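Below is one structure; the comments refer to it alone.
The values are calculated or read from the model by the stated rules, or taken from the named source; none is laboratory data. Note that the coordinates shown come from a computational prediction; the quantities given were computed from them, not determined experimentally. Don't worry about glycine lacking a Cβ; one is built from the backbone with ideal geometry, like all the others, and counts go over all protein chains shown.
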Amino acid sequence: MKKFFYQCAHCSFKAEYTKLIGACPKCGGEWLDPLYNLEETAALWQTALPERDHTIWRYWELLPLRNQQNIVSLGEGWTPLLQIENMGAMLGNRHIFVKDERQGPTASFKDRQASLAISAMKEADIKEAVVASTGNVAISYSAYCARSGIKLWAFLDSDVPHEKMREVTLYGTEVIKVSSNYDTTKQIAAKFADYRNLFLDKGIKSLIAREAMKTLAFEVAEQLGRIRSTRWAAPDWYIQAVSGGMGPIGVWRGFKDLYDMKLIDKIPKIAIIQTEGCAPMVNSFHKGLDVVEVVHNPTSVINVLATGNPGPAYPFLRQLVLSSGGAFSKVDDQESFRAMRVMAQLEGISMEPAAAVACAGLVKLVQDQVIKPHETVVVNASGHTFPIEKQILESEIVKRHTRVQNIDGEAVAIMEPDVTPIRQEGLINALKRLDEKVQSVAIIEDEPDARLLLRRILQYERKYKIYEAADGASGMALIQSKKPDLVLLDLMMPEVDGFTVLDTMKANEQLRDIPVIVITAKDLTSQDHQRLSGRIESLLQKGEFMEDQLVESISDVLK
């Protein structure tokens, strides 16, 4: 049984770590740091590490678990450290590396956190737990909970992609979708855990979660040391895109442990990258603020980084950058997507948008000469882009998803209400089913590219008379004047949305019988299903049908 201590960052209270603990017993402070015997560990690692398995658990002595029998592992860790040659040449720096966290068991760096967190739950004999997530944490925790037999409740915000939600459900997790942003989702999860008296994973406030990220630093130092023919080596910079900021804090702690153990001669500077549409830490730092200025309405489409309130991470990282060097920087979504394409096309590395934010930040810092040409840089490629099979357990997912009804009050998870199932099919199949009844079609869609694609599909299928409107108000006027045989209706439009258009049509005797096909990127809530049930012909999800439908249409024409 391993013996180590913990210390409260608020009141300096110190005690032996004997069980999973969430707050200081003296002052209630939630920021606790473990204390290990670093000198003894340094001596042991010199001889023991070469003989150990290449997972995060090779660093067992500096992880907060007392008994190795409680380890829950899927082989996480020891992901490749890849030198970026082509992009490095373009940037004039031959010392850029990517830590390829895409190659973890569930394809993200959160597998490190999940392995340690679920192991700690097992050691504490926890049978049921709650976590809030924007996707990757829920997937990782679900996999490890399935392996350990722990029941998991995952609270996901409304912008989590369908594919990630499907994978969470695949592992048997109870998925609760909150129709709000991530910050509200965390509050709801906490209320639910308190109401059910369940263990709540506290993310960055958890000693366990922060400590798991140290293993990234340990691996980088070992791998970079091998490249340089030494035992250990530290880069000059570590770059990561952040939401709550836990990753860089844990990585910094790992490098500091190695420095205190006299295994490396410096601690890297940390670069914190955020997306422009949600950059509370970057904005606050450049304004000289001690406390973060919360972003209440994130506008970035990169959902996993859309945390408007990073909590205790900002003061810690701010002080770290001020005292040790480093940088806070932000990039917009388009810069990130360009970096995503460049990394795929130049380096063969297909990474998730959040990781591309880090790469876009790297480019910016090099161009601004913050990072010098001779400096060694490690960028965290936090996850993969590969698509999750959408067909897996489709019907089961519909049955298992739950919603939180009253966000402002008590958190209560309820099953979907009984509604008439909405037909989901391809546009071509819907048109064939409606047959000769349809001669004219109105497209009500605010995105020009989507309108163009829908028009092309219709034109390849038949010579329809096509009308278009770019918003709900003009769309309603168009429907009233032209009385088309079919309406293709987007739900999410500014000012007058698709629901309002549909309500107006159904209230008009002359328009109520016109068939409507809803086309939306919105993930429908139970209330949305109720509003649409029995009132539309079918439902098409953007991103899941358009390219295939267009290819199918063109193929049919060429036969």
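Given the condition crowded, with 17+ Cβ neighbours inside 10 Å, under 30 Å from LEU35 (Cβ atoms) and not aliphatic (A, V, I, L, M), answer yes or no: does some residue in the stretch 281-293 qualify?
yes
Does the stretch 310-330 hold any residues that are outside any helix (DSSP H, G or I) and either surrounded by 19 or more Cβ atoms within 10 Å (Cβ to Cβ) or at pLDDT 90 or above (or both), and which are they?
Correct list: PRO310, GLY311, GLY325, GLY326, ALA327, PHE328, SER329, LYS330.
For every residue, the table says whether it meets (1) crowded, with 23+ Cβ neighbours inside 10 Å; (2) in a helix (DSSP H, G or I); (3) not β-branched (Val, Ile, Thr).
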| residue | (1), (2), (3) |
| --- | --- |
| GLY308 | no, no, yes |
| PHE337 | no, yes, yes |
| ALA358 | yes, yes, yes |
| LYS364 | no, yes, yes |
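Filter the stretch 228-253 down to the residues that are touching a Ser or Thr at 6+ places or on another chain (Cβ under 7 Å), more than 28 Å from PRO298 (Cβ to Cβ) and either outside the structural domain of GLN334 (by TED's automatic domain parsing) or buried (at least 21 other Cβ atoms within 10 Å of the Cβ) (or both) and list them by number.
PRO235
Determine, yes or no, whether ARG102 is in contact with a Gly (Cβ under 9 Å, 6 or more places away or on another chain), assigned to a helix (DSSP H, G or I) and within 30 Å of GLN7 (Cα to Cα).
It is false that ARG102 is in contact with a Gly (Cβ under 9 Å, 6 or more places away or on another chain), assigned to a helix (DSSP H, G or I) and within 30 Å of GLN7 (Cα to Cα).
How many of the residues in the stretch 98-129 are crowded, with 24+ Cβ neighbours inside 10 Å and either among the aliphatic types (A, V, I, L, M) or without any contact (Cβ under 8 Å) to a residue 12 or more places away in the chain (or both)?
7
Among the helices (runs of 4 or more DSSP H) confined wholly to the stretch 200-296, which include 1 or more residues that are in contact (Cβ under 8 Å) with a residue 60 or more places away in the chain?
Per the criteria, 207-212, 214-227, 246-260.
Taking only the stretch 438-470 into account, find how many residues are assigned to a strand (DSSP E or B) and among the polar types (S, T, N, Q).
Total satisfying the criteria: 1.
Select from the stretch 1-36 the residues that are among the aromatic types (Phe, Trp, Tyr) and in a strand (DSSP E or B) and write down the one among them that is surrounded by the fewest Cβ atoms within 10 Å (Cβ to Cβ).
PHE5
Look at ASN67 and say whether it is surrounded by fewer than 15 Cβ atoms within 10 Å (Cβ to Cβ) and either not assigned by TED's automatic domain parsing to the domain that holds PHE316 or not hydroxyl-bearing (Ser, Thr, Tyr) (or both).
Criteria met by ASN67.
Restricting to the stretch 366-380, what's the tally of residues that are more than 22 Å from the chain's Cα centre (by Cα) and buried (at least 19 other Cβ atoms within 10 Å of the Cβ)?
So the answer is 4.
Of the residues ALA469, ALA473, ALA442, ALA450, which is closer than 18 Å to ARG535 by Cβ and not basic (Lys, Arg)?
Only one candidate qualifies: ALA442.
A quick yes/no check of all residues on (1) surrounded by fewer than 16 Cβ atoms within 10 Å (Cβ to Cβ); (2) in contact with a Cys (Cβ under 9 Å, 6 or more places away or on another chain); (3) modelled with pLDDT of 90 or more:
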site	(1), (2), (3)
VAL501	no, no, yes
THR504	no, no, yes
ASN508	yes, no, yes
ILE514	no, no, yes
VAL518	no, no, no
THR525	no, no, no
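Of everything in the stretch 46-94 that's part of a helix (DSSP H, G or I) and of a type in the set (Val, Ile, Thr), which residue is nearest to the chain's Cα centre (by Cα)?
My answer is ILE56.
Working carefully through the options LYS164, LYS177, find the one that is assigned to a helix (DSSP H, G or I) and either modelled with pLDDT of 90 or more or closer than 18 Å to LEU305 by Cα (or both).
So the residue among LYS164, LYS177 that is assigned to a helix (DSSP H, G or I) and either modelled with pLDDT of 90 or more or closer than 18 Å to LEU305 by Cα (or both) is LYS164.
Would a scan of the stretch 23-38 turn up a residue that is free of Cβ contacts under 8 Å to residues at least 40 places away in the same chain and more than 34 Å from the chain's Cα centre (by Cα)?
Yes, the conditions are met somewhere in the stretch 23-38.
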